[in-house]
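K.L.:
Mind looking over this structure? Questions follow.
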Amino acid sequence: MSSVKENLDMVREKIKNSCNVSNRKIDEVTLLAVTKTVDVDKVLEAIENGVKDVGENKPQELARKYEVIGDKVNWHLIGSLQTNKVKYIIDKVYMIHSLDRIALCEEIQKRAEKIDKTINCLVQINISKEESKHGIYKEGAIDFIKEVANNYNNIKIKGLMTMAPFTENKDEVRKVFRGLKELAVEIDKLNINNVSMEYLSMGMSNDYEIAIEEGSNIVRVGTSIFGARNYDK
Ligand SMILES: *Cc1c(COP(=O)(O)O)cnc(C)c1O
């Protein structure tokens, strides 16, 4: 099995190639190392090799690792977030990638206000409209974003996030990423107060190269860095 360092080198090489073919600068793209189920030792190994952003999908796991690793990296919460778990991460996260409903905004606002912090959030969009996926449909995105911007002062919307369908069909995957980019451009034109479309979080181990070609600037990569996950440890 290759080391975390070798894997990181390979992923970075591929990111560089994708940037080259799409005429983008490599430093525009953040590699977010997805560390769910990965032991702290390995996370530290990734950090020693230049990783500055890590993503977890379970609030308590994020909190546990944060206690050991601390603030030397940016902590991202990816994947669906239950309102009763917000308390575990509110003082630790750099950005939440899964803002997808008003009830969650209420809870984030309440907790963030208490500690006088503004929370960076990405709105999760379900472009492909698969029922199994979280996120709001693109048709509802603008109303949702306006509502958040008007009512929740401690939430700062910084962009959009999506997940591509699990399919070998690259055209279908590309269409989803392109759809998210188009939506971000549309929203950006509205100049909504307190909202920016700075980040597009899209692309995982299977599809981050396509995502970069379609405008992603945060790729969330786990398996290609740390190997296949073992969930029953
Ligand atoms: C697990 C996960 C990833 C990383 O997936 P890999 O296929 O292991 O790269 C990215 N985004 C989200 C939301 C995830 O839950």
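K.L.:
In this structure, is Lys133 closer than 26 Å to Glu106 by Cβ, within 12 Å of the ligand (Cβ to nearest atom) and among the charged types (D, E, K, R)?
P.N.:
yes
K.L.:
Kindly indicate the residue of the range 175-195 that is exposed (fewer than 15 other Cβ atoms within 10 Å of the Cβ) and free of Cβ contacts under 8 Å to residues at least 40 places away in the same chain and also nearest to the ligand (Cβ to nearest atom) among those meeting that condition. If you could, list the steps in order and put the result at the bottom.
P.N.:
Just the residues of the range 175-195 that are exposed (fewer than 15 other Cβ atoms within 10 Å of the Cβ), to begin with: 182, 185-186, 188-191, 193-194.
If we keep only those that are free of Cβ contacts under 8 Å to residues at least 40 places away in the same chain as well, we get 182, 185, 188-189, 191.
Values: Glu182: 21, Val185: 23, Asp188: 23, Lys189: 27, Asn191: 29 Å.
Only one residue tops the list, namely Glu182.
K.L.:
Could you look through the range 11-30, keep only residues that are open to solvent by 80 Å² or more (accessible area, probe 1.4 Å) and aliphatic (A, V, I, L, M), and pick out the one that is farthest from Met202 (Cα to Cα)?
P.N.:
Restricting to residues being open to solvent by 80 Å² or more (accessible area, probe 1.4 Å) and aliphatic (A, V, I, L, M), the top hit is Val21.
K.L.:
Taking the criterion of being free of Cβ contacts under 8 Å to residues at least 40 places away in the same chain and either at positive phi or under 17 Å from the mean Cα position of the chain (by Cα) (or both), would at least one residue in the range 136-153 satisfy it?
P.N.:
Checking the range 136-153: at least one residue is free of Cβ contacts under 8 Å to residues at least 40 places away in the same chain and either at positive phi or under 17 Å from the mean Cα position of the chain (by Cα) (or both).
K.L.:
Related question: Go over the candidates Ala103, Ala33 one by one and state the one that is small (Gly, Ala, Ser) and either surrounded by fewer than 20 Cβ atoms within 10 Å (Cβ to Cβ) or touching a Cys at 6+ places or on another chain (Cβ under 8 Å) (or both).
P.N.:
Testing whether each residue is small (Gly, Ala, Ser) and either surrounded by fewer than 20 Cβ atoms within 10 Å (Cβ to Cβ) or touching a Cys at 6+ places or on another chain (Cβ under 8 Å) (or both) leaves just Ala103.
K.L.:
Filter the range 3-45 down to the residues that are touching a residue at least 60 places away in the same chain (Cβ under 8 Å) and among the polar types (S, T, N, Q) and list them by number.
P.N.:
Asn7, Asn17, Ser18, Ser22, Thr30, Thr35, Thr37
K.L.:
Might you let me know whether the range 81-92 holds any residue that is within 17 Å of Ile225 (Cα to Cα) and touching a strand residue (DSSP E or B) at 6+ places or on another chain (Cβ under 6 Å)?
P.N.:
No, that holds for no residue.
K.L.:
Follow-up. Condition check: of a type in the set (A, V, I, L, M, F, W, C), assigned to a helix (DSSP H, G or I) and open to solvent by less than 80 Å² (accessible area, probe 1.4 Å). Does Val54 satisfy that? Don't jump to the end; show me each part of the working.
P.N.:
Values: of a type in the set (A, V, I, L, M, F, W, C): yes; assigned to a helix (DSSP H, G or I): no; open to solvent by less than 80 Å² (accessible area, probe 1.4 Å): yes.
No: the conditions fail for Val54.
K.L.:
When you look at Ala149, is it in a helix (DSSP H, G or I), modelled with pLDDT of 95 or more and more than 16 Å from the ligand (Cβ to nearest atom), yes or no?
P.N.:
Values: in a helix (DSSP H, G or I): yes; modelled with pLDDT of 95 or more: yes; more than 16 Å from the ligand (Cβ to nearest atom): yes.
Yes: the conditions hold for Ala149.
K.L.:
Which residue pairs have Cβ atoms under 7 Å apart, sit 6 or more places apart or on different chains, and have a first residue in the range 55-67 that is within 10 Å of Val40 (Cβ to Cβ) and a second that is among the β-branched types (Val, Ile, Thr) and assigned to a helix (DSSP H, G or I)?
P.N.:
Lys65/Val40; Lys65/Val43
K.L.:
In the list Tyr208, Tyr199, which residue meets the criterion of being in contact (Cβ under 8 Å) with a residue 24 or more places away in the chain, open to solvent by 40 Å² or more (accessible area, probe 1.4 Å) and not aliphatic (A, V, I, L, M)?
P.N.:
Tyr199
K.L.:
Further question on the same structure: Can you name the residue in the range 213-233 that is part of a loop (DSSP other than H, G, I, E, B) and open to solvent by less than 60 Å² (accessible area, probe 1.4 Å) and, of all such residues, is nearest to the ligand (Cβ to nearest atom)? Quick ask: steps written out before the conclusion?
P.N.:
So in the range 213-233, the residues part of a loop (DSSP other than H, G, I, E, B) come out as 214-217, 222, 227-233.
Add one more test, that the residue is open to solvent by less than 60 Å² (accessible area, probe 1.4 Å), and what stays is 214-217, 222, 227.
Working: Glu214: 16, Gly215: 17, Ser216: 12, Asn217: 15, Gly222: 3, Gly227: 9 Å.
Going through the qualifying residues, I end up with Gly222.
Results for (1) of a type in the set (A, V, I, L, M, F, W, C); (2) loosely packed, with under 15 Cβ neighbours inside 10 Å, shown as yes or no for each residue.
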site	(1), (2)
Ile125	yes, no
Ser128	no, no
Ser132	no, yes
Lys146	no, no
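The values are calculated or read from the model by the stated rules, or taken from the named source; none is laboratory data. This structure is a prediction, so every number in the text was calculated from the model and none was measured. Because the Cβ atoms are built from the backbone with ideal geometry, glycine has one as well, and the counts that use them run over all protein chains shown. Keep in mind that these areas ignore ligands, DNA and RNA; they rest on the heavy atoms of the full protein, side chains included. Shrake-Rupley method; radii C 1.70, N 1.55, O 1.52, S 1.80 Å.
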